[in-house]
Amino acid sequence: MGSLNSTCATNFNCNSWIFSGWELGERLGSGAFARVYRAWKSGTLEQAAVKVLNKYEAHNTAASLRAEIEILKLLSQRMTSVSTIAEIFGIYQDSTAVYIVMKMYSGGTLEDRITAFGHISESETHTLVRQLLLGVLELQQAGVVHCDLKPDNILLQCEHNMQNPKICDFGLAMSEQLGLDTEHVVGTECYIAPEVLTRQAYSSACDVWALGVVTYKALCGRLPFPTNEKAKQKNNDPKP
């Protein structure tokens with residue numbers, strides 16, 4: 001697969017939401033750092049998901065946006081037809097935002113699947129985790145640590161099986177090429193490795209830990225550890 005197209009979206013029109021040949025439709029979801037929209041390639045039926053990062057939101061600093069773009073470009077250059085990384089069609093930007101155009105996967109997220117069915121069978125989890133381990137290895141070979149591997153960031157090709165899952169959302173990722181941060185804790189509570197909490201260096205082991213938590217949640221339908229909120233509630237319960 002060739003390198004990413006990273007250009008300025010000079011033909012972006014904020015009224016019609018058309019840029020670089022893509023027309024944005026309804027919002028598919030939103031998170032702390034970005035919003036995701038369905039998009040169509042102008043004049044075709046081809047669909048994509050577009051992650052929009054507003055440059056004027058405080059957490060989307062120039063450095064963080066540049067890091068995410070560089071990591072996606074690095075991974076794209078190494079991507080193959082059997083890659084476990086979500087495919088990126090292109091990255092564009094204008095004066096207000098960065099637009100990451102990704103392949104649309106019809107199966108939703110692993111989190112959606114767990115929520116709908118309660119948990120995943122052992123055989124399906126075996127298939128899922130085996131392929132996600134290959135994805136973590138792929139990241140390791142590229143010198144990239146995802147730092148936020150969780151069911152919300154795992155896309156499924158189909159609603160009915162766990163074949164060929166895809167890892168997405170590299171907004172918190174780090175790379176050896178750009179430097180690994182040891183001063184800040186990033187990630188999602190309950191998926192963060194112990195060494196991160198003690199300010200040790202990030203490594204692919206952090207993603208392996210997170211994948212272990214993902215495996216537990218897939219099998220059991222719940223996290224292996226309580227969140228801070230649940231822990232506080234438990235600690236505040238009256239003693240018998």
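Considering only region 43-71, state which residues are surrounded by 12 or more Cβ atoms within 10 Å (Cβ to Cβ) and of a type in the set (Gly, Ala, Ser).
Across region 43-71, the qualifying residues are ALA48, ALA49, SER64, ALA67.
Of the residues that sit in region 122-137 and are over 14 Å from ASN164 (Cβ atoms) and aliphatic (A, V, I, L, M), which one is surrounded by the most Cβ atoms within 10 Å (Cβ to Cβ)?
VAL136
Tell me which residues, restricted to region 147-164, are touching a helix residue (DSSP H, G or I) at 6+ places or on another chain (Cβ under 6 Å), assigned to a loop (DSSP other than H, G, I, E, B) and modelled with pLDDT of 95 or more.
Across region 147-164, the qualifying residue is only LEU149.
Taking the criterion of being in contact with a Ser or Thr (Cβ under 6 Å, 6 or more places away or on another chain) and in a helix (DSSP H, G or I), would at least one residue in region 114-130 satisfy it?
For region 114-130, residues in contact with a Ser or Thr (Cβ under 6 Å, 6 or more places away or on another chain) and in a helix (DSSP H, G or I): present.
Only one of LYS166, LYS150, LYS217 is over 25 Å from MET79 (Cβ atoms) and under 20 Å from the mean Cα position of the chain (by Cα); which?
Checking each option against the conditions leaves just LYS217.
Filtering region 106-121 down to residues that are surrounded by 15 or more Cβ atoms within 10 Å (Cβ to Cβ) and out of contact with any Asp or Glu (no Cβ under 6 Å at 6 or more places or on another chain), which residue is farthest from ILE85 (Cα to Cα)?
Residue satisfying both the conditions and the ranking: HIS119.
Specify which of the listed residues (ALA201, ALA173, ALA193, ALA210) is closer than 21 Å to LEU139 by Cβ, outside the structural domain of GLY31 (by TED's automatic domain parsing) and modelled with pLDDT of 95 or more.
Of the residues listed, the single one that is closer than 21 Å to LEU139 by Cβ, outside the structural domain of GLY31 (by TED's automatic domain parsing) and modelled with pLDDT of 95 or more is ALA210.
Hey, can you tell me all the residues within region 158-171 that are buried (at least 20 other Cβ atoms within 10 Å of the Cβ) and not β-branched (Val, Ile, Thr)?
Listed by number, the residues that qualify are MET162, PRO165, LYS166, CYS168, ASP169, PHE170, GLY171.
Condition test on ILE100, is it at pLDDT 90 or above, under 30 Å from LEU178 (Cα atoms) and not in a helix (DSSP H, G or I)?
Yes.
The values are calculated or read from the model by the stated rules, or taken from the named source; none is laboratory data. This one's a predicted model, so the numbers in the text were calculated from it and none came from an experiment. Backbone-built Cβ (ideal geometry, glycine too); neighbour counts: all protein chains shown.
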